[in-house]
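Beneath this line is the structure, given in structure tokens, with notes to follow.
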Amino acid sequence: MSIIYQENTKTFHLYNQEISYIMTVLPNGHMGQLYFGKRVHHRADYSYLYETNSRPMASYVFEDDHSLSLEHIKQEYGVYGTTDYRRPAIEILQQNGSRLCDFRYRSHEIFFGKPGLSGLPATYVEEEREAETLRLTLEDPLTGVGLELLYTIFAEGGILARSAKVNNGGKETLHLTTAMSLCMDLPDCDYEWLQLSGAWARERHVKVRKLEQGIQAVDSRRGNSSHEHNPFIVLKRPGADEFQGEVIGFSLIYSGNFLAQAEVDTHDTTRVLLGIHPMGFDWQLETGESFQTPEAVMVYSEQGLNGMSQTFHRLYQKRLARGYWRDRVRPILNNNWEATYFDFTEDRLVEIAKKAKECGVELFVLDDGWFGRRSNDHTGLGDWVANPERLSCGITGLAERIEALGMKFGLWFEPEMVNKDSDLYRKHPDWILAAPGRSSSHGRNQYVLDFSREEVVGCIYEMMAKILSEAKVSYIKWDMNRSITECYSQALPPQRQGEVFHRYILGVYALYERLTAQFPQVLFESCASGGGRFDPGLLYYAPQGWASDDSDAIERLKIQYGTSYCYPISSIGSHVSVIPNHQVFRNTPLHTRANVAYFGTFGYELDLNRLTVEEQRMVREQIDFMKTYRHLLQFGTFYRLVSPFDGNITCWMTVSEDQTEAIVGWYRTLSHVNMPYTRVRLHGLNPDFYYEEQRTGISWFGDELMHIGLITTDGMAGQVEENTGEYGDFDSRLYVLKAVRCPEEV
Ligand code: DGJ
């Protein structure tokens with residue numbers, strides 16, 4: 001890995017074994033983008049990469065000179081209003097009403113390591129030599145505004161992390177109305193765009209379409225990263241697939257309003273913008289003040305989508321997630337939500353926990369309904385004190401009873417919300433986000449606390465910290481069950497109302513930071529009505545997130561498959577729930593429910609007492625299985641093999657680092673009669689290792705499994721059967737492969 005600055009041509013080349021990123025100072029002082037992709041040789045001058053041909057109808061920068069029009073040149077951080085007509089990376093409203101900016105290169109610094117971003121989640125290094133950083137400093141001479149563009153290249157992987165900081169070094173108060181984390185101009189538009197989109201209970205479905213002239217975008221203006229779109233997109237070459245071909249993934253480490261956009265211009269170049277959504281954003285910058293954007297990460301892979309995902313997984317698992325739980329397998333939990341909803345007593349909870357313990361569960365989680373006067377979703381949010389009518393000895397007493405069973409205890413909170421029927425709201429009605437003179441909309445009968453205010457965050461912190469200090473709580477599920485409306489802070493002046501959405505998220509991060517620092521061994525799981533805020537920003541604090549409120553195994557195939565494009569398997573909260581399923585009313589076999597949930601954090605979302613004796617026996621086996629293999633399942637190298645978005649079969653696998661173990665998950669949605677023979681070609685194995693499948697004892701070489709394929713028609717017994725199990729629809733199998741000595745060698 002290296003960052004070279006070529007003084008004579010004012011060119012920067014950031015490279016490692018896999019990628020090169022090249023840019024230069026243009027004749028007008030702006031930064032021009034020259035290349036991002038597979039590593040190329042270093043040379044002093046790449047200026048042939050920017051176009052100086054004049055084109056009809058272009059506007060030019062210099063008088064009597066037809067060679068420099070920003071319209072035709074790839075920029076590092078484009079500005080609107082001069083000669084570049086594309087959407088800008090930055091806009092600043094000045095006191096004379098102008099929004100023009102002219103950011104010129106001033107200086108740079110190159111250093112090992114990677115600086116943190118104040119108040120914001122970001123990737124990090126543990127050793128300085130893991131990464132090298134370039135800080136470019138630009139200035140708009142008229143306003144005196146400084147712009148710092150930060151680029152970090154990691155020693156390993158095709159990763160480039162970027163962010164921007166705006167410093168008001170001038171004399172007047174300014175309004176920053178656009179400040180993207182990343183602006184990436186690519187030389188052509190021969191790409192397909194992939195996004196992860198959906199809705200509540202249908203999050204992160206994979207959608208692909210061709211890039212065309214014009215703008216394509218996904219975004220959120222809901223205050224959370226949202227169920228509807230994830231802050232992640234991929235541009236892939238048309239021939240690229242899961243295993244080969246060029247792809248670039250773009251991910252934003254942020255949990256609030258975002259915009260991910262590609263603009264293909266008239267000459268087929270593509271501008272990608274990623275960052276805080278400019279709509280409604282307006283940050284007042286006084287003289288001497290700075291604004292830091294969130295971090296965006298680009299991953300280039302020529303090993304297709306799996307190659308890109310594996311790079312994101314490693315980075316986000318090891319250098320975004322932090323703390324005690326980062327590298328640890330996750331406890332198998334039993335959550336009471338779908339078992340009881342609001343209808344529980346302390347004894348009923350203990351009864352559920354006892355059976356869970358008997359089956360091998362390690363952590364019992366008490367979900368919504370334990371605090372204030374909460375007996376339904378109309379009351380209680382904001383009063384984070386146990387309801388004595390339900391829990392006679394409070395959380396401390398219940399936690400002790402659970403611990404006495406030999407299990408850990410976990411607790412649900414929804415810190416950012418309040419019901420009007422709560423002591424907190426009665427005391428502080430002005431603590432919600434609400435615009436003066438306008439009515440406030442509710443969502444699930446609740447209102448959003450103004451987390452842009454320190455005193456609000458401080459008050460919630462005190463209540464949560466009291467419980468965590470007094471009771472033995474080992475896990476927190478942090479929920480957020482509505483999007484933001486009427487986003488107005490009663491504590492900020494009119495000219496700062498455009499800051500509220502972002503200040504709100506900074507408040508969420510500040511509370512997470514305080515709690516995780518104060519209680520470092522507590523495992524945090526993020527949640528927002530399922531997967532409404534499943535984003536990299538929260539992974540920095542909570543190494544796992546509840547992926548969706550849809551707990552049906554078949555629905556989960558698409559959700560977890562889509563999620564895996566960017567997020568590591570150890571981060572995907574996935575549980576076995578009852579049948580008929582509470583969201584889609586489908587009956588799926590117990591083994592399939594577990595076979596899907598294994599590829600995640602794993603747990604149960606039901607009362608195990610309600611299962612038959614035979615089912616309880618199966619649950620014990622499932623838990624033993626998960627305990628044996630969870631390191632491989634959660635931290636192995638994950639491959640998507642067959643997509644649920646393409647047909648009836650889903651298949652994925654995980655391989656251990658030393659390639660001696662692998663687990664393949666195979667799932668069939670509907671059963672059919674007289675089906676063709678099927679096999680799935682595996683990936684990531686050692687071609688020379690001899691692998692034994694643990695259920696049948698049948699063995700193959702790695703190269704056979706990768707090139708001929710794993711035969712899935714008949715459960716590997718070599719018999720011609722259409723269906724190996726007693727189940728028809730929604731069947732699944734796990735194939736556990738372990739390297740053994742080949743008998744022919746013995
Ligand atoms: C939404 C979550 O996604 C559920 O798992 C559950 O915690 C409920 N909220 C509780 O209100």
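The values are calculated or read from the model by the stated rules, or taken from the named source; none is laboratory data. Please read these numbers as outputs of a predicted model, since none were measured by experiment. Methodologically, a virtual Cβ is constructed for each residue, glycine included, from the backbone with ideal geometry; neighbour enumeration extends over all protein chains shown. Only protein heavy atoms, including side chains, enter the accessible area calculation; ligands, DNA and RNA are left aside. Shrake-Rupley method; radii C 1.70, N 1.55, O 1.52, S 1.80 Å.
Starting from a Cα-only point model with no solvent, please compute log10 I(q)/I(0) by Debye for segment 573-650 at q = 0.22 1/Å. So the normalised log intensities work out to -1.13. All Cα-Cα separations within the chain were binned at 20 Å from zero, giving a P(r) of 16, 47, 30, 6, 0, each value a whole percent of the pairs.
Report note on the peptides 554-562, 93-101, 150-158, 115-123: ranked by the mean count of other C-beta atoms within 10 Å, highest first, their order is 554-562, 150-158, 115-123, 93-101. Per-residue 3J(HN,Hα) values for segment 340-345, derived from phi via the Karplus relation 6.51 cos²θ - 1.76 cosθ + 1.60 with θ = phi - 60°, read 10, 6, 7, 9, 9, 10 Hz in sequence order (x marks Gly and Pro).
Taking the Cα centre as origin and putting +1 on Lys and Arg beta-carbons and -1 on Asp and Glu beta-carbons, what dipole magnitude results for the chain, to the nearest 20 debye?
Values: 74 positive and 100 negative charges, 182 e Å.
My answer is approximately 880 debye.
For the chain, the residue among Tyr105, Ala528, Pro27 whose Cα projects farthest onto the positive side of the dipole built from Cβ charges is Ala528.
Out of every Cα pair in segment 108-237, what percent are spaced more than 27 Å from each other? It works out to 40 percent of all Cα pairs. Close amide H contacts of Gly275 (hydrogens built in the peptide plane, cut-off under 5 Å, sequence separation of 5 or more or a different chain): Ser181, Leu259.
In the P(r) worked out for segment 454-583, what percent of Cα pairs fall beyond 23 Å?
43
Computed from the C-alpha gyration tensor, the three semi-axes of the ellipsoid equivalent to segment 265-412 are 44, 25, 15 Å, from longest to shortest.
Would you mind giving the average projected area, over all directions, of the Cα convex hull of segment 411-496 in nm² with one decimal?
For segment 411-496, averaging the hull's shadow over all directions gives 6.2 nm².
Derived scalar couplings between HN and Hα for segment 243-249 equal 10, 8, x, 7, 9, 10, x Hz in order, rounded to whole Hz, by the Karplus curve 6.51 cos²θ - 1.76 cosθ + 1.60 (θ = phi - 60°), x for Gly and Pro.
By the Cα gyration tensor, segment 2-319 has an equivalent ellipsoid whose semi-axes, rounded to whole angstrom, run 27, 23, 21 from largest to smallest. Computed over protein heavy atoms with a 1.4 Å probe, the carbon and sulfur contribution to the accessible area of the chain reaches 49%.
Could you state the accessible area per residue of the chain in Å², with a 1.4 Å probe and every protein chain left in place?
37
Listed cross-link partners Lys114/Lys558; Lys207/Lys738; Lys318/Lys477; Lys354/Lys738; Lys114/Lys210 are compared with a 25 Å cut-off, the Cα-Cα value being larger for Lys114/Lys558; Lys207/Lys738; Lys354/Lys738; Lys114/Lys210.
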